[in-house]
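As structure tokens, the structure follows; a few thoughts come after it.
The values are calculated or read from the model by the stated rules, or taken from the named source; none is laboratory data. The structure presented is a predicted model; accordingly, all values stated were derived computationally and were not measured. Neighbour counts run over all protein chains shown; Cβ positions are idealised from the backbone, glycine included. The protein model used for the area step is the full one, side chains on, heavy atoms only, and it has no ligands, DNA or RNA in it. Shrake-Rupley method; radii C 1.70, N 1.55, O 1.52, S 1.80 Å.
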Amino acid sequence: MNPFALATAAAGPALLLTPRGRLDGRAQSPLLAAWEASPGKPVVLDLSGLTDLDGAGLSLLLWLGVRGRREGRPVVAFGLSPRCRRVLEAHLGGALSLRASAAEALGSVGAPSPQAPEPQAGATCPAAQWAGALGRARTEAPPGGLLALNAVGRRVRGPAEGFGPLWHKVYSQPLPADPGRVAQALREEMPHLWPRGNRLVLPPPGVVPGAVGFIELRLPGGAPLTTGVRVLHADAASFTFGTLAGHLAAGWITFTALPDAGGALAQVRSLARTADPLFDVGFTLFGHREQEAFWRDTLAALAARFDARPAVSVQTDCVDPGRHWEAVTNLWENAGIRTGLAVAAGLASRLFGGGRGR
């Protein structure tokens with residue numbers, strides 16, 4: 001795994017940030033420190049020094065863009081390969097301004113053009129790691145009696161498309177194991193790590209870009225909810241799910257293992273909004289608490305796989321406290337309502353259909 005480094009420099013009225021190596025969860029602390037050290041300044045990101053990026057890196061770029069809008073600080077980026085730029089444009093939803101050249105990026109914030117030659121493009125976002133344009137989910141019907149109505153035919157709904165406040169949450173568990181082994185366990189054993197009563201099914205070939213995953217959750221009180229995700233990114237160190245329309249949240253969840261003091265730091269990183277007003281009420285009342293308990297239990301189960309003591313830490317940051325009322329129509333795809341109606345219809349069919357058959 002390529003190490004991460006961040007160089008900072010003044011560029012006229014702007015702050016120039018030049019990340020190098022792999023843009024992943026390790027970038028959070030240095031990016032935040034650089035951001036807070038130059039309050040109010042526009043930010044220009046030179047991404048030409050990146051070797052690659054994962055879903056956590058994607059989340060951090062969106063986090064910078066949304067925070068910049070909130071604080072009135074333009075954030076622009078340049079230096080990506082054409083394919084990587086297309087991938088980011090598809091997923092970032094306009095939250096970050098991507099420019100074709102250094103001169104264009106610097107000029108957009110009133111900074112002088114570079115004197116040196118234009119840098120070469122950095123990360124390539126290969127098709128083997130990143131899903132391209134994601135249309136509506138198409139896959140075989142799920143096994144084990146799971147309902148497909150809230151997954152098949154649904155498209156990914158990213159953090160920019162939800163209703164409620166945007167939260168960035170990071171759950172971390174240190175483990176005395178090689179990061180590669182931990183990443184493999186996350187990828188291969190995730191369905192078995194979830195708390196009892198909840199199911200994740202990823203049909204073969206499993207965690208690959210574009211794959212559809214089926215989910216069954218048990219809400220407080222025991223009510224079932226079926227929904228789905230798609231794999232946005234997957235490599236040897238991490239993978240990222242994007243939630244499908246109807247899910248409780250609109251956003252991304254990244255699972256990764258980072259090097260940490262001779263061992264590994266397993267992380268679950270969520271950047272998401274509640275999907276619609278109904279789910280937003282639920283999260284305000286109890287959902288955030290239930291969500292944090294869910295991922296704590298998941299990482300505790302992972303720790304048990306490596307004979308480690310559960311020691312999960314949680315970082316939370318409300319990136320954007322506003323509610324997006326234009327997303328109120330997401331209620332039409334609410335997976336909780338649709339699951340309840342499907343369960344009720346199935347029960348009625350068995351009751352009344354059985355009666356006519358006698």
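A few remarks follow.
- Per-q log10 I(q)/I(0), the stretch 206-315, q = 0.16 Å⁻¹ (Debye; single scatterer per alpha-carbon; no solvent): -0.84
- Here the 3J(HN,Hα) profile of the stretch 210-221, calculated from phi with Karplus coefficients 6.51, -1.76 and 1.60 at θ = phi - 60°, is x, 5, 9, x, 9, 10, 10, 10, 10, 7, x, x Hz, Gly and Pro shown as x.
- Sequence-separation-based contact order of the stretch 1-142, relative, with Cα cut under 8 Å and 6+ spacing, percent: 25
- Scattering curve values for the stretch 33-108, log₁₀ I(q)/I(0), Debye with Cα scatterers, q = 0.17, 0.20, 0.21 Å⁻¹: -0.62, -0.87, -0.96
- Pairwise Cα separations in the stretch 154-236 fall into 10 Å bins from 0 onward with the following percentages, short to long: 14, 37, 41, 9.
- Mean separation of Cα contacts under 8 Å (6+ apart) over length of the chain, as relative contact order %: 17
- With K and R counted +1 and D and E -1, the other residues having a Cβ less than 10 Å from that of Ala102 yield a net charge of -2.
- Whole-number percent relative contact order across the stretch 204-337, with pairs defined as alpha carbons under 8 Å at least 6 apart: 19
- Solvent-accessible surface of the stretch 212-261, taken per residue with a 1.4 Å probe and all protein chains present: 22 Å².
- Per-pair calculated FRET efficiency, R0 = 22 Å: Thr329 and Arg155 via Cβ, rounded to 0.05: 0.95
- With bins 5 Å wide beginning at 0, the percent of Cα pairs of the stretch 4-61 falling in each bin runs 4, 20, 32, 25, 13, 4, 0.
- Cα-Cα P(r), the chain, percent of pairs per 10 Å interval: 5, 24, 32, 24, 10, 3, 1, 0, 0
- Working note: Debye formula, equal point scatterers on the alpha-carbon atoms of the stretch 238-295, no solvent; log10 I(q)/I(0) at q = 0.20 Å⁻¹ is -0.79.
- A 1.4 Å probe run over the protein chains yields, for the stretch 34-101, 34 Å² of accessible area per residue, whole-number rounding.
- Taking 0.36 nm per residue of sequence separation and removing the Cα-Cα distance, the Ala311/Ala33 pair yields an extension gain of 97.5 nm.
- Across the accessible surface of the chain, with the other protein chains kept in place and a 1.4 Å probe, carbon and sulfur atoms take up 56 percent.
- Fully extended contour minus Cα-Cα distance, from Arg136 to Leu219, at 0.36 nm per residue: 27.3 nm
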